[in-house]
Structures are given as structure tokens and as C-alpha cells.
Amino acid sequence: MGRYLARQRKLRGVSLDELAGATQIPRRSLERLEGGAFDRQVDGFSRGFVRTVADALGLDAEDAVLRLLGEPNGPEDEPVFLSDGLKRWMIAAALAIGSVALILGGWSLWARTGGNTANPVSEEVFIRRDVVRELAASQSESFVRKESLDSQREGHRD
């Protein structure tokens, strides 16, 4: 757009200073416009500049603004999005993969516990000797035997 306006200005024999005076747009802004600084900005500010300059040069302002806007995007320029059918298939595939992973995880846990999910502890039983208890029990038995012998002896004396 900037080159187009610069070319049209030169064809009409108008200097940048004359154009700045006619449009009340600073010369630096006109230089930037012709340099292409506003070509990618399609906002109200740049459209206003283009419209004002086109009017001052005797061009069709609407045509100049349309040139700034560029051609509408064709089908090849449109972003590619997934169709609804493909989205559904992808969701279904994700759910199926998740279900399979859950089933395999459950089966793996079941296999590690030997099918006994209520008590996943191994079936080996360890019995430890408690030496202190054994000693206390033996002392207790010997004490009971001694009392029993003592009572038997007393019974024989009577």
C-alpha cells in the first residue's frame, strides 16, 4: 500500500511537504506510510491515514482502503481444523486407550497379588521366638511346680 501511494503521489507531482500541508499529517508519518510501516496494521488509525492521503491525491478513498485490507483469504489460506467426525474418533480412541491401560493395570495388580486382592500379603508365615516370654513362662512353670511340690509335702506331714 505504501509503494502504491508513493507512486501515485509522484505521478501527480506532489511533494511530501505539500501532501503534509494538505492533509495535516506530519511528514514523518507520511514517510512511514509510504515506507510500508502501516501495510500490516489494518486498524482504524492506518485506514484513516490511507483514506486522507487518497482523498488529497484525488484517488478513490474506498478503493485505497480496500487495497490496504488486501484480498480476502481463500480456502488455501484458511487454518485447518479437525472436523467433528475426526474429533469424535479421536476422543473415542483416547477413551479406548485409557480403558485398556486401566484394565492392564488392574490385571497386573491382580497377578502380583496372586488373585487375592483382600490380603495382598505373601502367604509365608514367620514365627519368631520371643526369648523373654519363654523365660517368663518357664519361670512361671517352675514356680507352679515348686508350690505344688511344697503343698504335697505339707499334705504328707499332716
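Is it the case that Arg128 is modelled with pLDDT of 75 or more and within 30 Å of Arg3 (Cα to Cα)?
Numbers: modelled with pLDDT of 75 or more: yes; within 30 Å of Arg3 (Cα to Cα): no.
Taking the combined requirement at face value, the residue does not satisfy it.
Take the conditions among the charged types (D, E, K, R) and at pLDDT below 85 and apply them to Arg51. Does it pass? Step through it out loud before you land on a result.
Numbers: among the charged types (D, E, K, R): yes; at pLDDT below 85: no.
No: the conditions fail for Arg51.
Here is a check on your reading of the model: is Met1 over 37 Å from the mean Cα position of the chain (by Cα) and either at pLDDT 90 or above or of a type outside the set (Ser, Thr, Tyr) (or both)? The answer is yes for Met1. Tell me the helices (runs of 4 or more DSSP H) entirely within the range 12-62 that contain at least 3 residues that are within 14 Å of Met1 (Cα to Cα) and charged (D, E, K, R). Where helices (runs of 4 or more DSSP H) fall fully within the range 12-62 and carry at least 3 residues being within 14 Å of Met1 (Cα to Cα) and charged (D, E, K, R), they are 27-34.
The values are calculated or read from the model by the stated rules, or taken from the named source; none is laboratory data. Since this is a predicted model, take the numbers as computed values, not measurements.
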